[in-house]
Structures are given as C-alpha cells and as structure tokens.
Amino acid sequence: MYASREDIGYDFGDDSKVGSKPIKSNPNIDGGWAWMIVLSSFLVHILIMGSQMALGILNMEWLEEFNQSRGLTAWVSSLSMGITLIVGPFIGLFISMCGCRTTAIIGGILNALGWILSAYASNVHYLFLTFGVTAGIGSGMVYLPAVVMVGQYFQKRRALAQGLSTTGTGFGAFLMTALLKYLCTEFGWRNAMFIQGAISLNLCVCGALMRPLSPKDLREKYVVRSDSEENRAKALSHSTETIKSNGVLSEEPDKKEEAANEEVLGSVQHIEIGGKPESGRSMYGLRILKTVSQLTVTVRKGFALWYSSYFGAASLFTNRVFVAFIIWALFAYSSFVIPFIHLPEIVKQYNLSRQDNVFPLTSIIAIVHIFGKVILGIISDLPCISTWNVFLMANFTLVTCILTLPLMQTYVGLAVVCALIGFSSGYFSLMPVVTEDLVGTKHLANAYGIIICANGISALFGPPFAGWIYDITQKYDFSFYIAGLLYMVGIIFLLIQPCIQKKQPREKSAEEAQV
C-alpha cells in the first residue's frame, strides 16, 4: 500500500523548485491563520452539507403544498445535493481564474439567492430551477474552496484538519434539522426558506476568511514535504522520472506566453505614459484597454491550467490510481446516502417506530459520524500509520455494514450497524488528503472537483435507483445488496491499480538489466 504520491511513483512536478537550502517555515502552515481556515470550512459544512441532510423537513412540506408524487418531489433534494458535487470540475475553473476566496463569496450569494427565490415557488418544477440548480451551484462554489484551502494550509496535520472541518456536516444535520423544524412550525415553510437564505449569506463571510497563500508560502510547503519524504522519493526515482516524462506540464510555453502578455501590457503602458493623448477620452480608453488586457491574461492563464489538468499532457486521467479513485467514488457515496433516505421506512416495516422515535437511527449515524471523522483523522496523522491503509479499512468496514444491514430486524442490531456506518464513513475527511497525495497540492482543486463530481452522480441517482428496486421487489434488501456489491467493485479497483502502478517500473528495470 502507499501513503503518498511518491510511493505510487506518480508526480505532477509541483516540487520541481525544491532546493536543498533550509527555508524558514511559514507560521501560517499547520498553525496561525490555518486554524481560521478550519473554522471557515467547519461553518461551510454546517451551512451547506448540514442543511442538505435536513431537507427531509422541507420535503414533507412540499408534499403537502404541491400534492405531487413522492418520487417527483424527492428530485428537488436530490438535484440540490447532486449538483453541489457534480459542478466540482467546473468550479475548479473558477478557482484557477479567480481564487478560492472570490469563488466562495460569489457562491455564497448564489446559494442565498436560491433559498430566497424558492420561498416564492408555485410548483415543484419551479423548485427544480431555484433550489435544485441555483442553490446547488452556489453550494458547490463554496464547498470546493473550503476543502481546497484546508489542504493548502496544512502539511503535517492535514488529516486532522480535514476531520475537524468536515465534522460540521454532523453538527449541521442536528442544528439545521431543529432550526428548519422550528421555522416551519412558527412561520411556515416559505418564510423558513427566506430566513434560511439570509442565514446562508454568512457563507460570504466564510469565503472572506479564505486568505490565499502567497507563491512563496506554497514553495515553502513543498520544501517541507520534500524533505520529509526524500528517502522514499529517492527509492522510487526511476519510476517517478519515467512518468514525469509523460505527464508534467512544460513550463516553457507558459513562460513564453507570460512574456508575450507582459509585452502587450507594456506597450499599452508605454502608449499611456509616453504617447501624450490629445484628450482625456483617449487616456480613459487606454486604461480600459489595459484593464481588459489584464483580465484576458488572467482568464487565459486560469483556463490553460484548468484545461491542461483535465485534457493536456499532464492530464489527471493519466494517473491510473486516480482513475480507479474516480470509479470508486461513483459507487461509494450512494451507500452512505441510501440509509438516510430509506431507514425510516425500514423501521416502519419492522414495527420499530416507537424505539426509533426515542433515538432515531439516522441520528446515531450522524453522531458517530462526527467522532469517526476526528478519530480517523488523528490516527492517519500518526507517523507510523498510512493514510491510505486507514482509508481502505474504513471502506471495508462500511461496505460490510451495508451488506449486513438488511439482515438486522431488531432495533439493537440496527443501532449497532448504524453506529459502525457512522464511524467508518468518517473516511470522508481523508478523501482530500488521499487526493492531494495522489496528484499534489497544485492539482488538488481540479482533482478533488472530479472526485466530488463522481460523488454527486452517485448521490443523484443512488436513492432513486434504490426506490426503483423496491418498487420491483417490494423489499429494501436488494437495494442494499446491489449498492454494497457495486461499492465492493470500486474498492477492488483501488486495490488493483496501485499494484499495477508499482509493478510496471520493476518490470521495465528487469528488461533494461537484460539489455
């Protein structure tokens, strides 16, 4: 197994500027303002992911208001959750051009607008556009920067930092459920959504806290990482160089393009200063031209980085382990969402409603999920522990619970399985860490955008597929079995690809030895 991208023998070349001279570490990396980034990400998870997990309250209100089928009404929540994650790759483009802070602030405004406009909905289809699409895109524009910024500010404590920030999902599930239930009871669901929209404007404050690191700070982080992993990198230097030759972005075209852009801006400045325009209108026009030129340079540079990451020579898809990670993500998230959607109905079928009303099974998942994220993050940060191995063990535990859950027909049995589901699903806090280990900090935004996009597809189609299986078999058992088997297929891909990735360099070395 591997613990970092050097162990796999794959590198995107983001440590190319590392030198041997000691550099004074930045106090904001693993400390200082980094903890404000964790706080910001924690609040983002409360306001976005927590709100989405509490949409069952609004779903009941929509059913009574619009008198539509349960399947059609459920698509409002599914669209919001799915689009939040599916737009990840496109949000990576915004981050490349505008940065995390600007992207998050715009997303906060868009999310609040979606909630407020939904308060005036006249039918379910109106909610598809305002809440499903508008609020969903806004949520995605805040969620991805919140995850990426934590990865940028932490090196030694990345897993712990991600674990602490993502516990906001569990806290948010409790807070937002209670808040929406109170608001709907006291003011009605329309006013509740309007108030929630006002609360969502706090996402702009969270975005403002995402102070970007300077290029110098990022280089210092790369130096720290390189020094701590130097021995392993040397051991696999041959395989790393082999893949670098096929996968690293060439810096020379970028430098040539920057030089050309600077030449254009320089000519504009020369005309503005030395040309002595005849009127103030000419000067104003030159300033506009200069501003447009600078904006064009920024957009072209951001788009070039985004495009090259997905389709260029250094495409993320040339990393086989990362491709396997995407396949895993397509099946994994639905296994976590399906219990939240269908457990209440299962409890009703087993005549366990009285016990469930005292302590709901979904609440057990949410509570233990909080501790699972923190504990797994602490364990993964231990020097002798591989983050990848912890990630795989948690996945094996979760898929076992999904396959076992239909066999439990007592409240105690279901409660134990739900507690294990909540704890093992704490591996969500390790996903950004594993992604960064695979592709590097430089490509984290685009790479993690792809992963959460795959999760969004899983969240969008997983619960409706489970409901369709129930309509055919009149049992939820097969829904969990099929979801668990598909989940297992994704885990098998994760196990196979690292072995292939490591085996190929050794085989090549043997052939060269024979020659």
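Readers should treat all values here as calculations from the given coordinates under stated rules, not as data from a laboratory. Given the structure is predicted, the values throughout are model-derived calculations rather than measurements. All Cβ positions, even for glycine, are placed from backbone atoms using ideal geometry, and neighbour counts span all protein chains on display.
Provide the FRET efficiency to the nearest 0.05 for the Ile375-Leu289 pair, computing r from the beta carbons and using R0 = 51 Å. Don't jump to the answer; show the numbers that get you there.
Numbers: r = 57 Å, r/R0 = 1.12.
That pair, Ile375 with Leu289, gives E of 0.35.
Amide H neighbours of Gly99 under 5 Å, counting only residues 5+ apart in sequence or on other chains, H built in-plane at 1.01 Å?
Placed amide hydrogens put nothing under 5 Å from Gly99.
With a 10 Å radius around each residue's Cβ, average the other Cβ atoms per peptide and rank 429-435, 144-150, highest first.
On the way: 429-435: 25.9, 144-150: 28.4.
With the highest mean Cβ count within 10 Å placed first, the list reads 144-150, 429-435.
State to the nearest 20 debye the size of the charge dipole of the stretch 308-496 about its Cα centre, where the only charges are +1 on K and R beta carbons and -1 on D and E beta carbons.
20
Restricting things to alpha carbons, find the Rg to Rh ratio for the stretch 27-221 using the Kirkwood radius for Rh.
Taking Rh as the inverse mean 1/r over Cα pairs, Rg/Rh reads 1.02.
Show me, for the stretch 398-410, the HN-Hα J-couplings you get by feeding each phi into the Karplus relation (A = 6.51, B = -1.76, C = 1.60, θ = phi - 60°), rounded to Hz, glycine and proline as x.
These are the phi-based 3J(HN,Hα) values: 5, 5, 5, 5, 4, 6, 8, 3, x, 7, 8, 10, 10 Hz.
Of the listed peptides 53-66, 104-117, what is their order by residue-averaged count of other C-beta atoms within 10 Å, with the highest listed first?
Listed from highest to lowest mean packing, they are 104-117, 53-66.
For the stretch 27-221, build the charge dipole from Cβ charges (+1 Lys, Arg; -1 Asp, Glu) around the Cα centre, then report which of Ser118, Ser80, Thr102 sits farthest towards its positive end.
Among Ser118, Ser80, Thr102, the one farthest towards the positive end of the dipole of the stretch 27-221 is Thr102.
At Leu407 and Thr318, where each label point lies 7 Å from the Cα along Cα→Cβ, what is the point-to-point distance in nanometres?
Here the modelled spin labels are 4.6 nm apart.
Between beta-carbons, use under 13 Å as the cut-off and find the net charge around Gly377, counting Lys and Arg +1, Asp and Glu -1.
Computed value for this residue: +3.
Using the Karplus curve 6.51 cos²θ - 1.76 cosθ + 1.60 with θ = phi - 60°, work out ³J(HN,Hα) for each residue of the stretch 104-110 in order, rounded to whole Hz, and write x for Gly and Pro.
After applying 6.51 cos²θ - 1.76 cosθ + 1.60, I find 5, 5, 4, x, x, 5, 5 Hz.
To the nearest 0.05, how large is the calculated FRET efficiency for Glu186 and Val133 if R₀ is 25 Å and r is the Cβ-Cβ distance? Could you put the intermediate results ahead of the total?
Working: r = 29 Å, r/R0 = 1.15.
For Glu186 and Val133, the calculated efficiency is 0.30.
What spacing in nm lies between the two simple spin-label points modelled at Tyr470 and Arg300, each 7 Å away from Cα in the Cβ direction?
It works out to 5.5 nm between the two label points.
How much length would be gained if the chain were fully extended between Lys348 and Ile492, taking 0.36 nm per residue of separation minus their Cα-Cα distance, in nm to one decimal? Mind dumping the intermediate values first?
Details: separation 144, 0.36 × 144 = 51.84 nm, distance 3.46 nm.
Residue separation times 0.36 nm, minus the Cα-Cα distance, leaves 48.4 nm.
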